[in-house]
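What follows is one structure encoded as structure tokens, with my remarks underneath.
What follows draws every value from the coordinates through simple rules; no lab data is involved. Keep in mind that what you see is a predicted model, and the values were worked out from it rather than measured. Every residue, glycine among them, receives a Cβ derived from its backbone with ideal geometry; neighbour counts consider all protein chains shown.
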Amino acid sequence: MPDQAEANAIGAVKSAPAQRRTQLERTQLTQEKLVRAAIELLKKRRYVGLRTLDVAELAGLSKGASTHHFPTKDSLVLRALEEVYRETHDRALERIAGSANSTQQLLHALIEDSKDFFLGDDFVMSLDLLMVDPSSDLGTRIKALARTYRLPVEQAWTDALQAAGHTPRAVDDVVRLTFALARGFGIRQLIGGPEGEAEHLMQVWLATAQTMLAQDSCQPGDEVPRP
């Protein structure tokens, strides 16, 4: 059992008030709540159905707090989209890092990454925002965000597959075609609902991509590995 001094020390720790957050921490927490709420509502209602009052209510904050941190609807929307893009960018890098410079693991991870983004709500949300008014200031800034976050994802996959021993031409074909195919399925879902064949056809493409890179990595006279 603790002696009296230890007991007093423990009691003092337990009774001590919780350390208050700094102003910066409170600001970051409030903004995070608003951004998370905006992302959720954008995925459900799209841009035209988004109201900042609803965002504040979902975040458990006042309309005044929302306006203080994000004076306009578009400033909140841009921050929400940036957060979605940042998260998808980071997930791609994590998948690459976990693939151990293995062509097979990289290809499987590339397919999963493309499906994760293009066949999910993240792509639908970003596409909806891109189509609001491409020539407006909002449209221009949205396209800038896409270039800032999505193009480096494509380049990261390209660099990883080249580092695994494949030529730039073959890698460029595989990466671009992978994203183009997944993007096409994502758009098709908007027209006709969930695409049941997407999973099957992505696996067909995976086998094709494996063959392309197997041939690319072989020297003349080597046997081409079966995918």
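General observations
- Full extension of the chain between GLN203 and LEU24 gives 59.7 nm of extra length, using 0.36 nm per residue less the Cα-Cα distance.
- In nm, spacing of pseudo-spin labels at ARG176 and ALA100 (7 Å Cα→C-beta vector): 3.2
- Each of SER62, SER114, SER126 was scored by other Cβ atoms within 10 Å of its Cβ. Arranged with the fewest first, they read SER62, SER126, SER114.
- Label point of ARG188 set 7 angstrom out along Cα-Cβ; within region 116-135, amide nitrogens under 14 Å from it belong to 119.
- Computed label-point distance, nm, for sites THR167 and VAL132 using a 7 Å Cα→Cβ extension: 4.5
- Per-residue ellipticity at 222 nm from helix content only, as computed over the chain with -39500 (n - 2.57) for each DSSP H run of at least four residues, stands at -25500 deg cm²/dmol.
- Under a model in which nothing but the beta-carbon of Lys, Arg (+1) and Asp, Glu (-1) is charged, the chain shows a dipole of about 960 debye around its Cα centre.
- Rounded Å value of the spacing that divides the Cα centres of region 94-162 and region 41-82: 24
- Applying 1/(1 + (r/R0)^6) with R0 = 41 Å to the Cβ-Cβ distance of LEU58 and GLN155 gives a FRET efficiency near 0.70.
- In the chain, lysine pairs closer than 23 Å at Cα, eight or more apart or cross-chain: 15
- In region 79-216, Cα pairs under 8 Å separated by at least six residues give a relative contact order of 32 percent.
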